[in-house]
Structure formats: structure tokens, C-alpha cells
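Following: one structure in C-alpha cells, then a few remarks.
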Amino acid sequence: MPPKGWRKAAHDPVATQTLVLDNGACTLKAGFASAAAAPSYDDCRIIPNCIAKGRDKRVYIASDLEKCTNFGEMAFRRPVERGFIVNWEAEKAIWEHEFLEGKGGLGCDPKETNLVLAEAPNCPVQLQKNCDEMVFEEFEFATYYRSIGPALNAYNDLPFSASDSPETSLLPPECLLLIDTSYSHTTITPLYNGRPIHSAIRRMSVGGKLLTNYLKELSSTRHINMLDETYLLNEIKEAVSFVSPSFKTDLERTWKGGLSDRREVDPSIVLDYVLPNYEHSAHGFARPHDPIKARRKLLQPLDGPREDILPVGNERFAVPELLFTPTDIGLQEAGLPEAIMQSLSVLPAALQAGMLANMVVVGGNSLIKGFMERLETDLRQLTPSNIPLRIARAPDPIKHTWLGGARLAHDRDILRSVVVTRAQYQERGSTWLGKWFAGGDAK
């Protein structure tokens, strides 16, 4: 018999371990967070979010792709399109491979794990319901919080001034303009006290996928057929692309001239990319342009390794230019600087100034050389000179959203206030869950 006055301790439905998952279209950014230690970028793993099939018909699921040595004509099946999970058959196989079977080193028991999941803004309600059902009914996570990715960035320190203290306040800044330029799209999200202003969110259809496809089209039209080499062209794009500060000037420097007016192209821009042969090398590399070798590229030795060269000229800056001028390929939408100003135009004047002073850029496209300088220059031309303009790229723009979610999960009180338990979901249903995550209902 228990002693007098003894009371059974209340069960805490929030598990000790939290899986934080930024479910991107190209990669998963995943890792565990707990109350024991402050999270860092090193706690996050980047996992390909795809199922791929190679020339040898071998199938690679997610992290298995790291073992592949022949990426030629590889076919990809991606469960995320336009930033939203649309193929749960493929996504379920990837999650099981990584988190249940633990093939990538992140194995866990969902019944003893909380899940913090980042999604793209303005996700259709039906796709959100599908996601919630998979989390609670298929995987049976203990508790769950679904948030748009930009909102999680509010829990990070602003990159304008470094903080030496690992434990800093989780209070979000009053004004934050989050620019996310990633694989599927580019979004501009104003955050006020950590909450998104939905009416001001703007989305561009230009992302890393479109840039890679455009480079495939240009290379196939001008040189050799590369339409089946998605992986390789993506590597080339990441290796040699840059954003031009003066597009017309650089275009003139790479112009070869007409038949009666031949010109020497600028060797500082034009490069030769040596393609991998997947026998002696799995990855290619860029080197200075050699016009003699380029003219003799068809004369290959009969014995010994062959060397296939893809000349890369104005493609280096014409491809990322689509982020600033989508009309170059007929997309009737504003470029990134104009889209930012369209987003701010919805806000009161006082908030506009605050947002312009706190702009943070995340996403893989921000790593393109010259991107930040061009964006700041173009924005300065569109804003009044008396308004301060402050813009910075996150220290790790790919993992930054994940880190924000991990810092939220590290604080048990904040985590407990936002997550929903499986029992609550079963009792109240998916409609209530959607309202709760949207901030329109109470527990």
C-alpha cells in the first residue's frame, strides 16, 4: 500500500528524443534534438530524398546513393514536387529506410520519438491531411509538430552579428524577412514575432531544379545531348555557375562573333568541364578553356582513357540569371528583388522598414557565387535611400531551417506547447489538427 500523501507522477506524453526533419524536394535535412545538449549544424545529416535507378538497374534508396559510383543516365523518382509531398508511396519507403531501418544512422522507434516537420508555405489542405495521417497512423510518432520552414528560422540567431554564447534566447525577432531559394521554388516570407504574415508570402517557380533543367537544355542544344544526365548537369551547375553583376557586359565578353567577325572569348569566363567516364572517375572537374583541345574533342585516342569536354561559356551566368529575370525563358513573373518588394508592399510602412533591416537568405541557390551581392545591389535600387538595408546569408543556408527546428525541440517548454499527441489526434481528428497547426484553435 503506498504511503499516505503519495501521488502517482503525471505521465509526460512528450518523449525525450525528437526527430527534426526538413523534408526538402532534393534532400532531407534530419537529425535528433534533445534537452540535454544544445543542437548545432553538425547534428544534422543531409540525405538524398529520392529513389534512383542506375544503368545497371540497381535501385538506390536515399542514403544508398552515397555508395553509387556511376551516375550516368540515372533516373530519379522524387516524392516531392513543387515543394509538397505528393507521392507518399515513395516518401514512406525513404522514411522507413532511414528512420525505421536506420540505414543512414538515424534509426529510431517512432512511438518513443517526437517529430518536428518543416513544410513549404501555402501547402494544400488535402496534402497536409495526408501527411498528418502518415505521421500518426502509419508511423505512430508519439507527438508531432508541423510548421512551415520559414517560421522555424525565427528560432535561430540573426546572422548579422555572431554570438559567442551557445545558450541564447529563443525569443524570435520582432521583424524578419526570410528568403528561401531552394530546389523546387523560391519563397519570401515576412515573419512578425515569429509568426508568418500569410497575405504577404510570395512564391517564385524558379528553383534549383528549373536551373538544372535549363542548363541541360542549353548544353544539349549547343554541344552534346545531356538530357538524361540530370545528376551530372546539377554537379556542373553547382561547380561553375555564378551570378553576373552586369549581365549584358558578361554576355558580350563570351560572344564569339559572326562568320566575318570572329572574336576571342574571355578566358576568365569560358571554362572546359571534363566529364567523368565512370570507369576511372566518378566526378568531373573544370579547368581553363583550351580552344585547341575543344576543336579536337572528336579526336580521341583508341587506347587509354578518353577525355570528353563540355565547354561552358555564358551558360555559367545565364542559368542563375533566371532567379532575377525569369522572363528570359518566358516565365511571366517578377524576379527575386521585385518579388521581395511585392511582398513588402502589403505591409504597413513601419513593418516594411523593419523587414528590410532584417533579411535572412537560406537555401542552396544562395551559395551560387555572386548571388548575395547582386541581390543586395538590386534591392538597393528599389528601396528609398533613407531606409537601412541589411541582408545576410545564413552560416549554413542548407541546414539553417533544420537548426531552427532543433533549437525549438531543445527547449522542452516550447516543444510541449506546440506538439500534438497521437491520442489528441485520434480523439479530435485531422481537421482540428490542421487548425491547431495554423494557430486557429486551442488544446
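The values are calculated or read from the model by the stated rules, or taken from the named source; none is laboratory data. Remember, it's a predicted structure, so these values are computed and weren't measured experimentally. Counting neighbours? That spans all protein chains shown, and the Cβs are built from the backbone with ideal geometry, glycine included. Note: accessible area is taken over every heavy atom of the protein model, side chains too, but ligands, DNA and RNA are not part of it. Shrake-Rupley method; radii C 1.70, N 1.55, O 1.52, S 1.80 Å.
Worth a mention:
- In this entry, Ala392 is excluded by the filter for residues that are open to solvent by less than 80 Å² (accessible area, probe 1.4 Å), of a type outside the set (Phe, Trp, Tyr) and farther than 20 Å from Ile188 by Cβ.
- The residue of the range 233-242 that is surrounded by the most Cβ atoms within 10 Å (Cβ to Cβ), among those that are in a helix (DSSP H, G or I), touching a residue at least 40 places away in the same chain (Cβ under 8 Å) and over 16 Å from the mean Cα position of the chain (by Cα), is Ile236.
- Residue check, Ile414 more than 25 Å from Leu351 (Cα to Cα), in a loop (DSSP other than H, G, I, E, B) and of a type in the set (Val, Ile, Thr): no
- Residue count for the range 372-405 under the criterion of being in contact with a strand residue (DSSP E or B) (Cβ under 8 Å, 6 or more places away or on another chain) and farther than 19 Å from Leu158 by Cα: the result is 1.
- Test: Leu170 is crowded, with 21+ Cβ neighbours inside 10 Å, outside the structural domain of Phe285 (by the TED database) and not in a helix (DSSP H, G or I): no
- Among the residues of this structure, Leu275 does not count as one that is open to solvent by 60 Å² or more (accessible area, probe 1.4 Å), aliphatic (A, V, I, L, M) and either modelled with pLDDT of 75 or more or under 28 Å from the mean Cα position of the chain (by Cα) (or both).
- Taken as a whole, the structure places Arg407 among residues that are among the charged types (D, E, K, R) and within 27 Å of the chain's Cα centre (by Cα).
- Enumeration of residues in the range 419-441 that are closer than 15 Å to Asn114 by Cα and loosely packed, with under 15 Cβ neighbours inside 10 Å: Ala423
- Whenever a residue of the range 176-201 is assigned to a strand (DSSP E or B), its partners that are of a type in the set (Ser, Thr, Tyr), lying with C-beta atoms within less than 6 angstrom and at least six residues away or across chains, give the pairs Leu178/Thr189; Asp180/Thr187; Thr181/Ser366; Ile188/Ser343; Pro196/Thr189.
- Given (1) part of a loop (DSSP other than H, G, I, E, B); (2) touching a strand residue (DSSP E or B) at 6+ places or on another chain (Cβ under 8 Å); (3) more than 22 Å from Leu403 (Cβ to Cβ), index of the condition Pro39 fails: (3)
- The set of residues in the range 313-334 being among the hydrophobic types (A, V, I, L, M, F, W, C) and either farther than 16 Å from His185 by Cα or not in a loop (DSSP other than H, G, I, E, B) (or both) consists of Phe317, Ala318, Leu322, Leu323, Ile329.
- Looking at Thr254, Thr221, Thr249, Thr230, just one residue is open to solvent by 30 Å² or more (accessible area, probe 1.4 Å), modelled with pLDDT under 95 and in contact with a helix residue (DSSP H, G or I) (Cβ under 9 Å, 6 or more places away or on another chain), and that residue is Thr230.
- Test result for Pro190, buried (at least 24 other Cβ atoms within 10 Å of the Cβ) and within 24 Å of Glu338 (Cβ to Cβ): yes
- Complete set of residues in the range 73-108 that are of a type in the set (D, E, K, R), modelled with pLDDT of 90 or more and out of contact with any Ser or Thr (no Cβ under 9 Å at 6 or more places or on another chain): Arg77, Arg78, Glu89, Glu91, Lys92, Glu96
- Counting only helices (runs of 4 or more DSSP H) wholly contained in the range 67-161, the ones carrying 3 or more residues that are open to solvent by 10 Å² or more (accessible area, probe 1.4 Å) and in contact (Cβ under 8 Å) with a residue 12 or more places away in the chain occupy 88-95, 125-133.
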